[in-house]
Structure formats: C-alpha cells, structure tokens
Amino acid sequence: MNFGNSLGNIPTGTNYGNIGNLGACVDISIINYSGNWYGYITNTSSNSITRLDFGNNLLSTPTATNLGNPGGLGSPRAIEVFVECGQIKGFITNETSNTILSLNFPNGPTGSIITNSISGISNLALPHSIRRFRVGDT
C-alpha cells in the first residue's frame with residue numbers, strides 16, 4: 001500500500017500475482033536489514049515460507065523465493081520476524097500441530113532458516129497469531 005506523502009491519503013495498492021509459489025498465505029512479516037527490506041510469508045497449504053526481496057525501497061516490485069519447509073511447519077499461520085542485536089530471529093505458529101517454532105537466520109535474511117519447536121508451551125488449540133514484544137533490554 002502506498003499512502004503517498006500522508007497516512008491521511010487514500011492508499012493505492014499493487015497486485016503482484018502469485019509470486020514465490022504462494023499457497024493459502026496467511027501472514028506476512030517485514031524487516032529492514034542492512035538497508036534492505038525483506039518480507040516473509042507463511043503458506044499454509046504448502047507448509048512453506050516465501051521470502052520477498054524489495055531491495056532498499058519498500059515500494060519497489062519485490063522478487064520472490066519460496067524457501068520450502070525449513071523444518072517443523074504444519075499449516076503455518078502467523079509469522080513474526082525481527083532483528084535483535086544484529087541477528088535475525090522469529091516465531092511461527094503451526095495450526096495443525098498446535099506448536100510454536102522459533103526461527104534463526106544465522107547467515108542473514110537470504111540464508112537458510114533454522115527452526116526449533118518451543119517446548120514448555122501446552123494446551124494450544126489452533127494458534128493463529130503471534131507478536132513480539134519487548135520490555136527494557138530483555
């Protein structure tokens with residue numbers, strides 16, 4: 001969405017079509033890393049993640065890459081990716097397995113993704129959303 005020079009303007013949108021083999025996409029998380037913009041989309045029907053590469057302008061037409069299933073995806077719903085202390089991390093909720101995965105991008109935004117199931121969380125029933133919050137330095 002492009003709001004021009006004011007959030008008060010009526011936005012315009014661009015339909016990019018099915019780039020990156022999207023499949024029942026549910027959520028997107030966008031980050032800026034080293035001056036470039038990246039979007040990560042959950043694809044529920046294909047148990048995969050699609051990455052959008054916008055370059056240094058979030059309004060540019062992105063290139064898209066389907067990253068497949070980095071491990072543990074089971075109808076992924078929500079995704080939250082963030083930069084913390086120079087490292088890229090994140091979370092995904094899985095609807096069918098009722099789990100939350102942590103994400104680690106050890107080689108930057110275009111490298112591989114390492115997933116780990118977060119243990120100690122029980123009684124989830126069809127988790128749909130997740131958002132990161134931070135209090136102070138912890």
- Query: What are the residues in the range 9-29 that are under 19 Å from the mean Cα position of the chain (by Cα) and in contact (Cβ under 8 Å) with a residue 24 or more places away in the chain, if any?
  - Reply: Tyr16, Ile19, Gly20, Asn21, Leu22, Gly23, Cys25, Val26, Asp27, Ile28, Ser29
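The rows are residues; the columns are (1) open to solvent by 30 Å² or more (accessible area, probe 1.4 Å); (2) β-branched (Val, Ile, Thr).
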site	(1), (2)
Leu7	yes, no
Ile28	yes, yes
Trp37	yes, no
Thr44	no, yes
Asn57	yes, no
Ser60	yes, no
- Message: Quick test for you: out of Asn98, Asn104, Asn2, pick the one residue that is under 14 Å from Ile130 (Cα atoms) and out of contact with any Cys (no Cβ under 8 Å at 6 or more places or on another chain).
- Response: Asn98
- Note on the structure: With criteria (1) more than 10 Å from the chain's Cα centre (by Cα); (2) assigned to a strand (DSSP E or B); (3) under 15 Å from Glu95 (Cβ atoms), Ser46 comes up short on (2)
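Can you name the strands (runs of 3 or more DSSP E) wholly within the range 66-117 that have at least 1 residues being at pLDDT 95 or above and among the aromatic types (Phe, Trp, Tyr)?
Values: elements: 76-84, 87-94, 99-105, 114-117.
Where strands (runs of 3 or more DSSP E) fall fully within the range 66-117 and carry at least 1 residues being at pLDDT 95 or above and among the aromatic types (Phe, Trp, Tyr), they are 99-105.
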- Item | Evaluation of Glu95 against (1) open to solvent by less than 50 Å² (accessible area, probe 1.4 Å); (2) within 27 Å of Thr14 (Cα to Cα); (3) charged (D, E, K, R) (one fails), failing number | (2)
- Task: Restrict the check to the range 1-24 and report whether at least one residue is outside any loop (DSSP other than H, G, I, E, B) and within 28 Å of Ser117 (Cβ to Cβ).
- Result: no
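Can you pull out the residues in the range 98-118 that are open to solvent by less than 50 Å² (accessible area, probe 1.4 Å) and over 26 Å from Asn56 (Cα atoms)?
Step one: list which residues in the range 98-118 are open to solvent by less than 50 Å² (accessible area, probe 1.4 Å), which gives 99-103, 105, 108-109, 111, 113, 115.
Selection gives Thr99, Ile100, Leu101, Ser102, Thr115.
The values are calculated or read from the model by the stated rules, or taken from the named source; none is laboratory data. Fair warning: this is a prediction, and the values are worked out from it, not measured in the lab. Glycine also receives a Cβ, built like all others from the backbone with ideal geometry; neighbour counts cover every protein chain displayed. Calculation scope for accessible area: heavy atoms of the full protein, side chains included, ligands and nucleic acids excluded. Shrake-Rupley method; radii C 1.70, N 1.55, O 1.52, S 1.80 Å.
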